[in-house]
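Asker: Below is a structure I'd like to ask you about.
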Amino acid sequence: MKIIHCADIHLDSAMTSHSDPESARKRRGEMLRTFERMVSYAAREGVSAILIAGDLFDAPNTRELTRNTVLHCIASNPAIAFFYLKGNHDDNNFLNGLDELGKKPCNLMLFGRNWGCYECGGVAIYGAELHGGDTAFYDGLQPDAEKINIVMLHGQISENPAGVEHGIDLKQLRGRNIDYLALGHIHVPGSGRLDDRGTYCYPGCLEGRGFDECGERGFMLLDIDEESRMITRTFVPFAGRKIVSVSADITGCMTTQEMIITAAEALSDAECDASSIVRLVLTGELDAECEKDIAYLTAAFAEKYDYFETADETRLTVDMDDYLLDQSLKGEFIRTVFGDGTLSDEDKAVIVRYGLRALAGEEAD
Amino acid sequence: MRIISCRIENFGKLHDLDLSFSDGLNVFCRENGWGKSTLAAFIKAMLYGLDGNKKRDLDENERKRFSPWQGGVFGGKMEFEAGQKRYTVTRTFGDSPAKDTFELRNAETNLLSQDYSERLGEELFKLNSASFYRSIFIGQSDCPTVSTDDIHAKIGDLADNTGDMNSFESADERLRKQINALSPRLKSGSLFKLSEEISDLRRRVAEGKNLRRDISECENKIAETEQQKLSRKAERSDLEAQQTQAIKMQELLFLRGEWDRLKEYRENSKKALDEAAEKFPSGIPDEETVKDSIHTAVEMKSAESLMQSYRLSAYEEERLAGMSVLSDSEKPSPEDFDFYFRLEKEYRAAHSQYEKIRLTESETDRLWQLSEAFSQDKTSPSELAAIWNNRVSTKNSLFSKRAACDAIESSAKKARNAAKKRVVVLCATGCVLISLGITFFFIYSAAWFLSAVILGGLFMSVGIFSAVLIMENFVRKPPEELHQLRREIINDEKFIEETDSVIENYLSAHGMLFTESEADQMLSEICREKRDLEELSQKNEAAEKFRIENNLHVLGESIMAFLKKYGTEPDAERLSDQLHELKEAVAEHELLTEKVRQFESAQQIYHSDRAAIRQFLAAYGFDGNEDVNEALEVLRSDLAEYDRLASLHSAADSELEAFKQSHDIDTLASLDAESIPSPETLGEAIRRCSDSLETLNGSIQSLKQTRDELYRQLALWESDSSALREKTEEQAAEKCKYDRLTLTRVLLRTAKEAMVARYVEPVYSAFRRYHETVTGLSSDRYRIDADVNLTVEELGQQRDIKTLSAGYRDLAGLCLRLGLADAMYRDEKPMLIMDDPFTNLDDEKASASKKLLHAVSQNHQVIYFTCSKTRQ
């Protein structure tokens, strides 16, 4: 029996942090299509159930297109059971009136604030919306030791969840006959052992949404042998686009062209292609008198990727020894700047660069 | 650097002027208008070229200002010493800088030198022309100076190093522009604009902060309305079910009414049937019998009608009596008429054709005449015409043959005469030769004799032989051709004579008189008549043949015999009409005979039918003496009505029985009409429900539109929020940059001032030295700032030297310039050019200024122009 465990899909996310409105709209569409692709994958691979461990949607205000598409995906695949546990981002917007209006697909299983359980083949699937997290809450969970038990929760696991927002008390979950703790909330894939019997796992988000979500993204595919009660877990990279942050140390470069060459080497080493969303982080130390045009450098790579931006985190350096005996205005200026005790080192370096560029007939960058 | 000499070709008012300069002081004391300022400008032009090329003002545009008054080469040359070398610089000036020339030669070797370029002044003094005018060139009323970057650089001895001091002003200006471009206070500053944009974005973001809540409320309202819609739909479904039931009950009520109506209808039909039966006292007759009697009556009526139709009129009876011949004999059949009509048609067609092809009377006469005329002919006229034509051509050829004969004879005669001439010549030559041989025999020798005799004999022999040949050919043997021609001529003449005789006899037989000229025409006329005879004979034969072949005579007689047989006297011209008349008479006879037969038949039927009907009516109680037709009609009508009523009664009975079988009569009987709800009332309630649903749909639609609009606003709000974050970050970055640039500008200026301060001291020392030399007073109250501005302390405050009197101001300015020159050029001192700078000085100071000049000229070459001997 195959089960997909996914979470934190965040459909209809605003996506405005790194995109213009048009790109954000396009990216929202891509995320919705990735969800559709995942359901198609499940149908193709004979998956029996899809566990959505919270944050299917990003905000309470979900667009009609998104709601209808998700509903269609579920209703048009009656052979797949969808287990949907609401996360901290989810709201009732999607579920409102589904039952009353008779639109709720029979293969959509929901969980409330109290523990619910569904039988799926030989597997028992438990879930509850996290609230409070006191002992009584966990005591409500009593899986049968003879069954294969999967428990869905959305929150941050912790050995000591007091003070942790959406904290899940791992200690309370140990020894409760859990074979697989299907978690959501953390966007980076991760897993660990829960107790002697079970493991816990975050599948991460289905698609990265920003440069804080770089790397492979996808879902967990569980292959359950009901006889041996073995659960084999495989991470399936599934994101439509890869978000990559590449660092390039351009220390010593004196011209933009030298920086482009160094950056190109760093980008060629990174696993990104034309569909990738790429951030180039320039690091290292540059001479205050170097020639550097970040806009030109960005333009040199912009067409190679779906999205490309440059973050300049370089530091400027000035070798005071070179100017100690310099009788020129430049020498006098640098000595004056560095003699100003009110300035930070960074300010000094930048001011020296501005001054030198002005004397060289260049604009300050 | 010093100037040694110069030659002015043409420069302003100066031309063809050579001047030499010595070391130290060079005084040029000339009257006003001599051209002292022009000379000073010439020296500057030799060093820097001409300035102000694009200026319109004559004072500023040196090219226009110093263009030669008298024309000629514009320019000159100047010899100078620099760096221990002497050079000659030659410049000429054209209409534009592009036409200017520059040449620098080593004055000692006269070779071209590359030591300096066109920018000679800059390279010698490290000053541009503006700085030159403000330092080592001191003009009238121009003693105070303003330092420039070049001057600062030169003073600081930096010009040869990095040049960055020269860039201070441009760097400062660039920083100022960048700071202004970023400025938060200027409207054009990006920080100012950003601030406005951020304020606007903050306002919009604040306005839209409740959008998510509004959307949620809207979604909830949509859900509630959807719920109401569902309730309303259920209510409508219930009403629709009630309406369906009510309609069913209404249908049952209708069926009960139908049952009552069927029962009433059956009773009525029974009553009508009984009344109809009372019309038949002796029983209801069989329908078939009545039908037979009616049929008989119809037949009787028909027979009566036929009798009326076939009864003969008096005229017809008379006509029938007049056709006894047809009654007695066998009448001709239609086939007979067809045969004789066809026969008559053939006869008429053949007769008509015969009339067309037979000879007319005139043609018959002509045929007889021509037959008579040619009855005695043995030879055909066409053969005679051919003989005559042969005779004519023979006579025509006779003339040519005679001419040919004459020509041959004439030719033979000419040939004979020529041959005779040749014979005579040959014989004469032979005689002469023989005579000469004889003569030579006696004069010379026998050999000569023999030769001449042989040769003469030879000639004579040839001549004699030729004569013999001519005779043989022309006398004994006349030409065969000539002989032949003569024979032909004789034969032709004989043929012509015989032919004329034959033709003359032939024409005479046909009554014509022969003449050679008309014989041809006459023969043609006879030939034509012969052809007419042949044509008429052929036509006559063809007509006769046609008549015989078509049996015209037999046909006519056969038709006429037929007509005679049936009492018609035939007329050959009206055979067809007579045949038709006979045919019509036969047809009329047949018609009348048939009418008689039909009448008799109908009369028999009529009497028989009338008797049968009277018997039938009497059997059913009707009076047989009445009009049988009318009685039968009444009987038939009553019987039909009885049958119709019986049928209706039977149908009503069946319908009632069928209704009973197909419906629950007991249920229908138990229906209570009062308890059934009205479908219309229920329909009204359903309509109200539908209207309500419509309203709810509209509300949902409207709410969805509102929600969509809110989503659109939310998208904008999110975009604005994002933009606000970005703009705020951008503002922080630009503010940081703005602060740093401002600080950069301040620190750069501080550095520049600190640097300048270090070289101001030498200038100040030199100034003090010169000033004290001139005035003999302390110069402590004068100060020089970092920008090399001279100030004077007055009443405890540093003031601009403009506050001084003109004389002191010029003196102080002059001393400052000299101080600058000393400070700027520490090694090789440049020449100083002074264009009457002491005009504002009083006598005492003017005297002091002379001392100053002498002092300066110890270290500098001084070229001093003045117009006053007192200042000389």
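The values are calculated or read from the model by the stated rules, or taken from the named source; none is laboratory data. The structure displayed is predicted, hence computed values, not measured ones. Using ideal geometry, Cβ is built from the backbone for each residue, glycine included, and neighbour counts are taken over all protein chains shown. Accessible surface areas use protein heavy atoms only, side chains included; no ligands, DNA or RNA. Shrake-Rupley method; radii C 1.70, N 1.55, O 1.52, S 1.80 Å.
Asker: Going down the list A:Lys2/A:Lys104; B:Lys126/B:Lys735; B:Lys13/B:Lys845; B:Lys13/B:Lys55; A:Lys26/B:Lys209; B:Lys271/B:Lys301, which pairs span over 29 Å between their C-alpha atoms? Walk me through the intermediate numbers first.
Answerer: On the way: A:Lys2/A:Lys104 24 Å; B:Lys126/B:Lys735 40 Å; B:Lys13/B:Lys845 33 Å; B:Lys13/B:Lys55 21 Å; A:Lys26/B:Lys209 24 Å; B:Lys271/B:Lys301 38 Å.
Flagged as over cut-off: B:Lys126/B:Lys735; B:Lys13/B:Lys845; B:Lys271/B:Lys301.
Asker: Then there is this: So if a site counts as exposed when it's one of the trypsin sites (Lys or Arg not before Pro), its DSSP state isn't H, G, I, E or B, and it has at most 16 other Cβ atoms within 10 Å, what's the longest stretch of chain A without one? Walk me through the intermediate numbers first.
Answerer: Values: sites that count: A:Lys103, A:Arg113, A:Lys147, A:Arg174, A:Arg197, A:Arg229, A:Lys304.
Here the longest run is A:1-102.
Asker: Here is a further query. Considering only the other residues whose Cβ falls under 15 Å of the Cβ of B:Ala428, what net charge follows from Lys and Arg at +1 and Asp and Glu at -1? Spell out each step's value before the answer.
Answerer: Details: positive: B:Lys420, B:Lys421, B:Arg422; negative: none.
Within the 15 Å Cβ shell, the charges total +3.
Asker: On to the next question. Take B:Asp260 and B:Glu541, extend 7 Å from each Cα along the Cα→Cβ direction, and tell me the distance between the two endpoints in nm.
Answerer: If labels sit at B:Asp260 and B:Glu541, their model points lie 12.0 nm apart.
Asker: Now for a separate question. Using only Cα atoms, tell me the angle between helix B:679-775 and the longest principal axis of chain B; keep it within 0 to 90° and round to the nearest 10.
Answerer: Relative to chain B, helix B:679-775 is tipped by roughly 30 degrees.
Asker: Something else: In a Gaussian network model over chain A where Cα atoms closer than 10 Å are linked, find which of A:Gly208, A:Gly121, A:Gly341 has the largest mean-square fluctuation.
Answerer: The residue that fluctuates most here is A:Gly341.
Asker: Express in nm, to one decimal, how much length is gained between B:Trp69 and B:Ala587 on full extension, taking 0.36 nm for each residue of separation and deducting their alpha carbon distance. Please list the in-between numbers first.
Answerer: Numbers: separation 518, 0.36 × 518 = 186.48 nm, distance 15.26 nm.
Extending this stretch completely gives an extra 171.2 nm.
Asker: What's the FRET efficiency of B:Arg781 with B:Thr839 using the Cβ-Cβ distance as r and R₀ = 30 Å, to the nearest 0.05? Show your work: numbers first, answer last.
Answerer: Numbers: r = 25 Å, r/R0 = 0.83.
So, using R0 = 30 Å, E works out to roughly 0.75.
Asker: What is the angle, in °, between the Cα long axis of helix B:628-662 and the longest principal axis of the Cα atoms in chain B? Nearest 10 is fine, range 0 to 90.
Answerer: Approximately 40 degrees, to the nearest 10.
Asker: Could you sort A:Asp134, A:Asp287 by accessible area so the largest value comes first, with the probe set to 1.4 Å? Provide the component values of the computation, followed by the final result.
Answerer: Numbers: A:Asp134 90, A:Asp287 60 Å².
I get A:Asp134, A:Asp287, largest accessible area first.
Asker: With a Förster radius of 41 Å, plug the Cβ-Cβ distance of B:Glu730 and B:Lys54 into 1/(1 + (r/R0)^6) and report the FRET value to the nearest 0.05.
Answerer: Values: r = 43 Å, r/R0 = 1.04.
Using R0 = 41 Å, I get an efficiency of 0.45.
Asker: Using 7 Å Cα-to-Cβ label points, what is the B:Arg213/A:Glu309 separation (nm, one decimal)?
Answerer: Here the modelled spin labels are 3.1 nm apart.
Asker: A further question on this structure: What distance in nm separates the two pseudo spin-label positions at B:Asp691 and B:Lys869, each 7 Å out from Cα along the beta-carbon direction?
Answerer: 12.8
Asker: Could I ask something else about it? Using r as the Cβ-Cβ distance of B:Ala277 and B:Arg597, and R0 as 56 Å, what FRET efficiency do you calculate, to the nearest 0.05? Don't skip to the answer; put the middle values down first.
Answerer: Values: r = 49 Å, r/R0 = 0.87.
So, using R0 = 56 Å, E works out to roughly 0.70.
Asker: Right, here's the next one. Sort out the exposed loop chymotrypsin sites (Phe, Trp or Tyr not before Pro) in chain B (DSSP loop, at most 12 other Cβ within 10 Å) and tell me the longest stretch that has none. Don't skip to the end; give the middle numbers.
Answerer: Details: sites that count: B:Trp69, B:Tyr444.
Longest run free of exposed loop sites: B:445-872.
Asker: Among B:Phe449, B:Phe495, B:Asn389, whose Cα projects farthest towards the positive end of the dipole of region B:386-516, with charges put on the beta-carbon of Lys, Arg (+1) and Asp, Glu (-1)?
Answerer: B:Phe449
Asker: Are there GluC sites (Glu not before Pro) in region B:498-548 that DSSP marks as loop and that have at most 14 other Cβ atoms within 10 Å, and which are they? The partial results should precede the final answer.
Answerer: Values: sites: B:Glu498, B:Glu504, B:Glu516, B:Glu518, B:Glu525, B:Glu529, B:Glu534, B:Glu535, B:Glu541, B:Glu544; in loops: B:Glu516, B:Glu518.
Passing sites in region B:498-548 are B:Glu516, B:Glu518.
Asker: How large is the helix-only mean residue ellipticity at 222 nm for the protein assembly as shown, computed as the sum of -39500 (n - 2.57) over DSSP H runs with n ≥ 4, divided by its residue count, in deg cm²/dmol to the nearest 500? Show your work: numbers first, answer last.
Answerer: Values: 32 runs with 682 residues, N = 1237.
Only helices count here, giving -19000 deg cm²/dmol.
Asker: Now, a different point. Taking the Cα centre of the protein assembly as shown as the origin, how large is its charge dipole in debye, to the nearest 20, when only Lys and Arg (+1) and Asp and Glu (-1) carry charge on their Cβ atoms? Show your work: numbers first, answer last.
Answerer: On the way: 155 positive and 215 negative charges, 1919 e Å.
About 9220 debye.
Asker: Within region B:45-70, which residues have the backbone N less than 20 Å from the label spot 7 Å out from B:Arg119 along Cα→beta-carbon, could you tell me?
Answerer: In region B:45-70, the label zone of B:Arg119 (backbone N under 20 Å from the point 7 Å along Cα→Cβ) covers B:45-54.
Asker: Please give me, ordered by residue number, the GluC sites (Glu not before Pro) of region B:47-140 that lie in loop per DSSP and have at most 14 other Cβ atoms within 10 Å.
Answerer: Numbers: sites: B:Glu60, B:Glu62, B:Glu79, B:Glu81, B:Glu103, B:Glu108, B:Glu118, B:Glu122, B:Glu123; in loops: B:Glu60, B:Glu108, B:Glu118.
Passing both the DSSP loop test and the Cβ count: B:Glu60, B:Glu108.
Asker: Under the Karplus relation 6.51 cos²θ - 1.76 cosθ + 1.60, θ = phi - 60°, what is the ordered set of whole-Hz ³J(HN,Hα) values for region B:606-619, x standing for Gly and Pro?
Answerer: Couplings: 3, 5, 5, 5, 4, 5, 5, 5, 4, 5, 5, 4, 4, 5 Hz.
Asker: Scan region A:102-156 for GluC sites (Glu not before Pro) in coil per DSSP, keeping those whose Cβ has at most 11 other Cβ atoms within 10 Å, and list them by number.
Answerer: Details: sites: A:Glu119, A:Glu129, A:Glu146; in loops: A:Glu129, A:Glu146.
Here the GluC sites (Glu not before Pro) that fit, given the DSSP loop and packing criteria, are A:Glu146.
Asker: For a 21 Å ceiling on Cα separation, which of these pairs sit above it: B:Lys44/B:Lys829; B:Lys36/B:Lys869; A:Lys242/A:Lys292?
Answerer: Numbers: B:Lys44/B:Lys829 17 Å; B:Lys36/B:Lys869 14 Å; A:Lys242/A:Lys292 29 Å.
In this structure, A:Lys242/A:Lys292 exceed 21 Å between Cα atoms.
Asker: In degrees from 0 to 90, rounded to the nearest 10, what is the angle of the helix B:519-549 Cα long axis to the longest principal axis of chain B?
Answerer: 70
Asker: Charges only on Cβ, +1 for Lys and Arg, -1 for Asp and Glu: so what's the dipole of region B:776-817 about the Cα centre, in debye to the nearest 20?
Answerer: 100
Asker: If you look at just the Cα atoms of region A:2-237, how large are its Rg and its Dmax in Å?
Answerer: Taking only Cα atoms of region A:2-237, I get Rg and Dmax of 17.0, 53 Å.
Asker: Find the lysine pairs in region B:386-516 meeting two conditions, Cα atoms under 22 Å apart and a separation of 8 or more places or different chains, and report how many there are.
Answerer: Lysine pairs, 8 or more places apart or on different chains, close enough: 10.
Asker: Where Lys and Arg each count +1 and Asp and Glu each count -1, what net charge lies around A:Gly355 among other residues with Cβ under 9 Å from its Cβ? Don't skip to the end; give the middle numbers.
Answerer: On the way: positive: A:Lys330, A:Arg353, A:Arg357, B:Arg745; negative: none.
Counting the neighbours of A:Gly355, the net charge comes to +4.
Asker: Moving on. Which of the aspartates and glutamates could a cross-linker span from B:Lys850 if the Cα-Cα distance has to be under 15 Å and same-chain partners fewer than 8 positions apart are dropped?
Answerer: Of all the aspartates and glutamates, those that pass the test against B:Lys850 - Cα under 15 Å, at least 8 places apart if same chain - are B:Glu772, B:Asp810, B:Asp835, B:Asp836, B:Asp842.
Asker: Using +1 at the Cβ of each Lys and Arg and -1 at the Cβ of each Asp and Glu in region B:758-872, identify which of B:Phe838, B:His854, B:His771 lies farthest towards the dipole's positive end.
Answerer: B:His854
Asker: Something else about it: Report the full-extension gain for the segment B:Ser524 to B:Ser313: residue separation times 0.36 nm, less the Cα-Cα distance, to one decimal in nm.
Answerer: Numbers: separation 211, 0.36 × 211 = 75.96 nm, distance 8.16 nm.
Roughly 67.8 nm would be gained on extension.
Asker: Just want the answer: with Cβ charges of +1 for Lys and Arg and -1 for Asp and Glu, which residue in A:Ile9, A:Met320, B:Thr360 is farthest toward the dipole's positive end in the protein assembly as shown?
Answerer: The Cα lying farthest towards the positive end belongs to A:Met320.
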